[in-house]
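Here you go, one structure.
The values are calculated or read from the model by the stated rules, or taken from the named source; none is laboratory data. None of these values were measured; they are calculated from a predicted model. With ideal geometry, Cβ positions are generated from the backbone for all residues, glycine too; neighbour counts draw on all protein chains shown.
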Amino acid sequence: MNLALFRDVFAAEWTKLRSVRSTYWCGLLAIVVGIGFGAAISAGNASEYKSADLIDKVMFDPTALSTAGLFFAQLALGVMAILVMSSEYSTGTIRTTLAAVPQRGYPLAAKTALLALIGTFVGVGTAFASFFVCEPIFKHYDIPRDVSIGAPHVLRAVLGAGLYIGVMVLFALGLAVIIRHTAGAITTLVGIVFIVPIVTQLLPDSWQEHFSRYLPANAGSAITSTVHQSNSLPPWGGFFVFVGWAALSLAVGWYLLRTRDV
């Protein structure tokens, strides 16, 4: 790889990304939704803890609840990643980009690196902010769990929630390269992340064990829990399965970008 060329392309992509308002709005929306929904979900569940049955109390996971808002925030950052690529096709600026940099892999590599940094930064920052906002909520309701950041598996789960967002952004970017249309890519992302996991809950338990937990969102979200669910993958195992999904998405996008006409 020509590092000098990559540096120049990266700088150009950064200029394009920070010059559009959608970048800031999507980032702000992700932060507000991530923290706000996390606090609301935590308060609602904590208030019902004392009346819950024994199984629900055993499976109660304050850490996962505190970062649950990121499940909705991921859509805002996913849309941002899709717009980074699909807007170039809709406006025709992709022709200018590829005319300036005929080596087509460089613009995609620069977008990938840039979005990985932004997605991870916003994701990790929002996850920790949401956790510390929600920590007093659980203490207020006298939840008999250690909800401090130093409790077993808590730091891994909070950090993992942020890393999940960073990987989801790259998965969305890959979809945008493959589909090339904003509406189509967003619809596909929503379907894969929100709709398909819900539909698979209707499948028999044996099917869920061998299929559902390997879906991108299900596999990746395993790292955000401190209480292991019987139908989910191990935390880091699930995360790396999700990384594999994102890598596959980008690899297919890279191949299509190199082989088909603009």
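Six or more apart or on different chains, Cβ under 8 Å: which pairs go from a residue in region 38-54 that's without any contact (Cβ under 8 Å) to a residue 40 or more places away in the chain to one that's not in a loop (DSSP other than H, G, I, E, B)? Could you list them?
So the pair list comes out as I41/L65; N45/L65.
For Q74, are the conditions met, namely being in contact (Cβ under 8 Å) with a residue 60 or more places away in the chain and crowded, with 22+ Cβ neighbours inside 10 Å?
Numbers: in contact (Cβ under 8 Å) with a residue 60 or more places away in the chain: yes; crowded, with 22+ Cβ neighbours inside 10 Å: yes.
Yes: the conditions hold for Q74.
Taking region 37-68, which residues are of a type outside the set (S, T, Y), surrounded by fewer than 19 Cβ atoms within 10 Å (Cβ to Cβ), touching a Phe, Trp or Tyr at 6+ places or on another chain (Cβ under 9 Å) and part of a helix (DSSP H, G or I)?
Within region 37-68, F37, A43, D56, K57 qualify.
Residues S51, S66: which one is out of contact with any strand residue (DSSP E or B) (no Cβ under 6 Å at 6 or more places or on another chain), of a type in the set (S, T, N, Q) and over 19 Å from A127 (Cβ atoms)?
Working: S66 fails: over 19 Å from A127 (Cβ atoms).
Only one candidate qualifies: S51.
Further, regarding this structure: For region 181-207, which positions are in contact with a helix residue (DSSP H, G or I) (Cβ under 6 Å, 6 or more places away or on another chain), over 10 Å from I82 (Cβ atoms) and not hydrophobic (A, V, I, L, M, F, W, C)?
Across region 181-207, the qualifying residues are P197, T200.
Working carefully through the options F131, F138, F121, F171, find the one that is closer than 22 Å to S22 by Cα, surrounded by 22 or more Cβ atoms within 10 Å (Cβ to Cβ) and of a type in the set (F, W, Y). Talk me through it step by step, then tell me what you get.
Working: F131 fails: closer than 22 Å to S22 by Cα; F138 fails: closer than 22 Å to S22 by Cα; F121 fails: surrounded by 22 or more Cβ atoms within 10 Å (Cβ to Cβ).
Exactly one of F131, F138, F121, F171 is closer than 22 Å to S22 by Cα, surrounded by 22 or more Cβ atoms within 10 Å (Cβ to Cβ) and of a type in the set (F, W, Y), namely F171.
Inspect all residues belonging to region 205-214 and state whether any of them is under 20 Å from D61 (Cα atoms) and either assigned to a helix (DSSP H, G or I) or without any contact (Cβ under 8 Å) to a residue 12 or more places away in the chain (or both).
Kept after step one, since they are under 20 Å from D61 (Cα atoms), are these residues of region 205-214: 213.
The next check asks that each one be either assigned to a helix (DSSP H, G or I) or without any contact (Cβ under 8 Å) to a residue 12 or more places away in the chain (or both); those that pass are 213.
Checked against the condition, which is being under 20 Å from D61 (Cα atoms) and either assigned to a helix (DSSP H, G or I) or without any contact (Cβ under 8 Å) to a residue 12 or more places away in the chain (or both), region 205-214 yields at least one hit.
Answer yes or no as to whether Y141 is at pLDDT below 95 and aromatic (F, W, Y). Write out each step before concluding.
Values: at pLDDT below 95: yes; aromatic (F, W, Y): yes.
Here the answer is yes, as Y141 does meet what is asked.
If R95 satisfies every condition in (1) of a type in the set (D, E, K, R); (2) more than 30 Å from G38 (Cα to Cα); (3) surrounded by 16 or more Cβ atoms within 10 Å (Cβ to Cβ) but one, which is the exception?
Only one criterion is unmet by R95, namely (3).
Is there any pair linking a residue in region 140-162 that is within 12 Å of S130 (Cα to Cα) to one that is surrounded by 12 or more Cβ atoms within 10 Å (Cβ to Cβ) and among the small types (G, A, S), with Cβ under 8 Å and at least six apart or on different chains, and which?
Filtered contacts from region 140-162: V158/S66; V158/A127; L159/A127; A161/G123; A161/A127; G162/G123; G162/G125; G162/A127.
Would you point out the residue of region 174-188, among those that are closer than 17 Å to T23 by Cβ and of a type outside the set (V, I, T), that is surrounded by the fewest Cβ atoms within 10 Å (Cβ to Cβ)? Talk me through it step by step, then tell me what you get.
Just the residues of region 174-188 that are closer than 17 Å to T23 by Cβ, to begin with: 176, 182, 185-186.
From the residues that got through so far, the ones that are of a type outside the set (V, I, T) too are 176, 185.
On the way: A176: 29, A185: 25.
Looking at the filtered set, the residue picked out is A185.
Can you tell me which of G244, G174, G162 is assigned to a helix (DSSP H, G or I), closer than 18 Å to I82 by Cβ and at pLDDT 95 or above? Working first, answer last.
Numbers: G244 fails: closer than 18 Å to I82 by Cβ; G162 fails: closer than 18 Å to I82 by Cβ.
Criteria check complete, one pass: G174.
Filter region 198-218 down to residues that are more than 18 Å from L250 (Cα to Cα) and in contact with a Pro (Cβ under 9 Å, 6 or more places away or on another chain), then give me how many there are.
Total meeting the criteria: 2.
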